[in-house]
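I have placed the structure first, in the form of structure tokens, so that the comments after it can refer back to it.
Nothing in this text is a laboratory measurement; each read-out follows from the coordinates by a stated rule. Only a predicted model underlies this, so the values are computations on that prediction, with no experimental measurement involved. Glycine gets a Cβ as well: all are built from the backbone with ideal geometry, and neighbour counts include every protein chain shown.
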Amino acid sequence: MIDLIPIWIDTDTGVDDAVALLCALKLDKLAIRGISAVAGNVEHAKTFKNCRNVLAYAGREDIKVYPGAIKPMCVELDDASEVHGKDGLGGVVIPDSPAEKETMYAWDAIYEAAKKEGGKLQIVAVGPLTNIANAIISHPDLKDMIERILIMGGAAVGGNATMAAEFNIYADPHSAETVMQSGIPVVMFGLDVTVDAYLDAKDIQDIRDFNTKISKFFVDVVQSNLNFYIKNYKREILCIHDACPLIYLQYPEIFTGQKAGVYVETQSRLCFGKTVTDIWSDTKFKTRETMVMLGVDREKFASTLKGLLQQY
């Protein structure tokens, strides 16, 4: 019997988050113990609703979704609705989930889940890290209960929210720094790797040809992202950033990375929200325990993602 990997997903459900959730449901080595919503791509009320509705649309309303932080730790929310649409799903409407709404806050729900897993729970955080930081602060013993945290966020070089910072970290750098310095092992999937984890026009057509309810939803929901990439980068590609840490859990051989020291800049005018790494520096940080992912086999990533969506 295969031992399943118990995971908790924390998400600000927008377009690629929705795709990542659909993938997670078909990764048969993962056991999803719960999901929490956080403000990020759009406001919390919408990410909470989107997460519940996507799960229900995929027939998994049995997975509990917990409400989380409505704003970052120290800064104002600066969302990404220009990429994901005002509703977070590019204007695509799906039925509301019939599941009863959970009322326990994310940070307490994460703690309760961790207590049950005997140190084996892995957190996959694909939005701003507010909920995770709140959990660490609210429950100091949590750091000894979590096997590791896999985040989609940051970048060893460059950014997208600013020239220096990636969106998820820039949205709440103080929470990100709390997580990075918590002592819990972190695997960072930054832009260095996720911009190469993309689907091209042929891949998107392949998914369209599945001709299922979920494949149609995929094609519709990614259109706002696709339009953004065509307009801003002149490329008909679709980066599925948030699927990376989830696919890695079952298919780690698709990705490459190395240990590094990582700190988050929380004061600089020009580099606010930047994940500062020592990968290419002659001078190294004293602590170098973050696994920074730097490479992905694009073809295998796309093939794997398509295979997961084809299961619907």
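Rounded to the nearest 20, the Cβ-based charge dipole of the chain about its Cα centre (Lys and Arg +1, Asp and Glu -1) stands at 200 debye. Label reach from K29 (point 7 Å along Cα→C-beta): in the range 179-208, amide nitrogens under 19 Å belong to 186-189. Residue ranges 277-286, 225-234, 186-195, 210-219 sort as 186-195, 210-219, 225-234, 277-286 when ordered by packing (mean number of other C-beta atoms within 10 Å per residue, highest first).
Couplings for the range 216-226, taken from phi via the Karplus curve 6.51 cos²θ - 1.76 cosθ + 1.60 with θ = phi - 60°, read 5, 4, 4, 4, 5, 6, 7, 4, 5, 5, 4 Hz in order; Gly and Pro are left as x.
Could you tell me the distance between the Cα centroids of the range 220-259 and the range 64-88, to the nearest Å? The range 220-259 and the range 64-88 have Cα centres separated by 20 Å.
The residue list Y198, G154, V42 was ranked by how far each Cα lies along the charge dipole of the range 5-309 toward its positive end, using unit charges on Cβ atoms, and Y198 comes out on top. Within straight-line reach of K120, meaning a Cα separation under 19 Å, sit the following lysines at least 8 residues removed in sequence or on another chain: K29, K143. Placing a label point 7 Å from the Cα of F285 along the Cα-to-Cβ direction, the residues of the range 145-169 whose backbone N falls under 18 Å of that point are 148-159, 164-169.
Quick check on the chain: helices-only [θ] at 222 nm, where DSSP H runs of length 4 and up contribute -39,500 (n - 2.57) each and the sum goes over total residues. Nearest 500, please.
-10000 deg cm²/dmol
Taking a ≥ b ≥ c as the square roots of the eigenvalues of the Cα gyration tensor, the range 49-102 is oblate, since a/c reaches 1.5 or more and a/b is not larger than b/c.
Given a cut-off of 26 Å, name the pairs among K86/K213; K46/K115; K46/K116 whose C-alpha atoms lie farther apart than that in the structure shown. List each step's numbers first, then the result.
On the way: K86/K213 23 Å; K46/K115 29 Å; K46/K116 29 Å.
Too far apart for the 26 Å limit: K46/K115; K46/K116.
With an a/c value under 1.5 for the gyration tensor axes a ≥ b ≥ c computed over the alpha-carbon atoms, the chain is described as rounded. Of all the options A156, A45, A37, the one that moves most in a Gaussian network model of the chain with Cα springs shorter than 10 angstrom is A45. Per-residue Karplus couplings for the range 86-98, computed as 6.51 cos²θ - 1.76 cosθ + 1.60 with θ equal to phi - 60°, are listed in order as 4, 8, x, 10, x, x, 7, 9, 10, x, 5, 5, x Hz, Gly and Pro entered as x.
When a footprinting reagent is the concern and you count Cβ atoms within 10 Å, what order do W107, W8 take, fewest first?
Working: W107 23, W8 26.
The fewest-first ordering by Cβ neighbours comes to W107, W8.
By the gyration tensor of its Cα atoms, with a ≥ b ≥ c the square roots of the eigenvalues, what is the shape of the range 19-92: rounded for a/c under 1.5, prolate for a/b over b/c, or oblate? Prolate, since a/c reaches 1.5 and a/b exceeds b/c.
Note on T304, T287, T47, T13: ascending count of other Cβ atoms within 10 Å places them as T287, T304, T47, T13, the fewest first.
Each of the peptides 94-105, 236-247, 71-82 was scored by the mean count of other Cβ atoms within 10 Å over its residues; in descending order, highest first, they stand as 236-247, 71-82, 94-105.
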